[in-house]
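Working notes for the structure below.
The values are calculated or read from the model by the stated rules, or taken from the named source; none is laboratory data. All values derive from a computational prediction rather than experimental measurement. Here Cβ is always computed from backbone atoms with ideal geometry, including for glycine, and neighbour counts include all displayed protein chains.
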Amino acid sequence: MKFAILYTLRQYPHPLSLTRLTELLTWDENVMSYFDLTIMLGELIEDGFIEQLFYKNSECVKLTGRGINTDDFFSGRVPASIRKKITSAAKREEFENLVNPNGVTAEVIPAGGGRHTAAITMLDGGSPILEIKIDAGHKIQAVRTAEALKEHAAEIYKYICKTIDEDK
């Protein structure tokens, strides 16, 4: 299962948020349990195979040089069916980013103490042009808030631009 984690991180050219890694390996692809992932992720970080960092305002992980070398050697030990699912998910995300570089991403970020933040990022040519974060309290409310922000992103952006430059 540790090799599956390394393999997953290798398929993404950028640091992967802990939320997305969890979705890929525990929910979407059903590779391992959440608790197994948490334990193994901690061990891989402690042993220097994975680095933990903040990227695009999220807690993320990426492979270290040691992790890349290990994946090179052991990726074949990850069952082919799991490799196929992981690679397919990574390619879908890459395609979506290429097709819609002006998209809007929404996410829910744990803020500690049981509180959650709803966040959206508006992209232009793949680069962030506006990021909004709102402390929404409970996770359910944060999910609703993130969905509403994403749904109304165009109006929010127009309103902010109009407010900044009243002549337009």
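Among the numbered conditions (1) among the hydrophobic types (A, V, I, L, M, F, W, C); (2) within 17 Å of Thr87 (Cβ to Cβ); (3) surrounded by fewer than 20 Cβ atoms within 10 Å (Cβ to Cβ), tell me where Ala4 comes up short.
That leaves (3) as the condition not met.
What number of residues within the range 22-51 satisfy the criterion of being at pLDDT below 90, closer than 21 Å to Ile68 by Cβ and under 16 Å from the mean Cα position of the chain (by Cα)?
Of the residues in the range 22-51, 2 are at pLDDT below 90, closer than 21 Å to Ile68 by Cβ and under 16 Å from the mean Cα position of the chain (by Cα).
Against the definition (over 19 Å from Thr87 (Cα atoms), small (Gly, Ala, Ser) and part of a helix (DSSP H, G or I)), how does Gly48 come out, yes or no?
No.
Within the range 29-43, which residues are in contact with a helix residue (DSSP H, G or I) (Cβ under 6 Å, 6 or more places away or on another chain) and surrounded by 13 or more Cβ atoms within 10 Å (Cβ to Cβ)?
Once the filter is applied, which keeps residues that are in contact with a helix residue (DSSP H, G or I) (Cβ under 6 Å, 6 or more places away or on another chain) and surrounded by 13 or more Cβ atoms within 10 Å (Cβ to Cβ), the range 29-43 yields Glu29, Val31, Met32, Leu37, Met40.
When you check Ser58 against the structure, is it small (Gly, Ala, Ser) and closer than 19 Å to Ile109 by Cα, yes or no?
When the stated conditions are applied, Ser58 passes them.
Failed condition for Thr8, given (1) within 26 Å of Thr105 (Cα to Cα); (2) part of a loop (DSSP other than H, G, I, E, B); (3) in contact with a helix residue (DSSP H, G or I) (Cβ under 7 Å, 6 or more places away or on another chain), with all others met?
With (1) within 26 Å of Thr105 (Cα to Cα); (2) part of a loop (DSSP other than H, G, I, E, B); (3) in contact with a helix residue (DSSP H, G or I) (Cβ under 7 Å, 6 or more places away or on another chain) applied to Thr8, the lone miss is (2).
Could you name every one of the helices (runs of 4 or more DSSP H) located completely within the range 61-152 that has at least 1 residues being at pLDDT below 90 and closer than 18 Å to Pro15 by Cα?
Counting at least 1 such residues, we get 80-99.
Within the bounds of the range 47-54, is there any residue that is surrounded by fewer than 16 Cβ atoms within 10 Å (Cβ to Cβ) and more than 23 Å from Ala111 (Cβ to Cβ)?
yes
Tell me, which residue of the range 111-159 that is within 19 Å of Glu59 (Cβ to Cβ) and free of Cβ contacts under 8 Å to residues at least 12 places away in the same chain is farthest from the chain's Cα centre (by Cα)?
The selected residue is Gly113.
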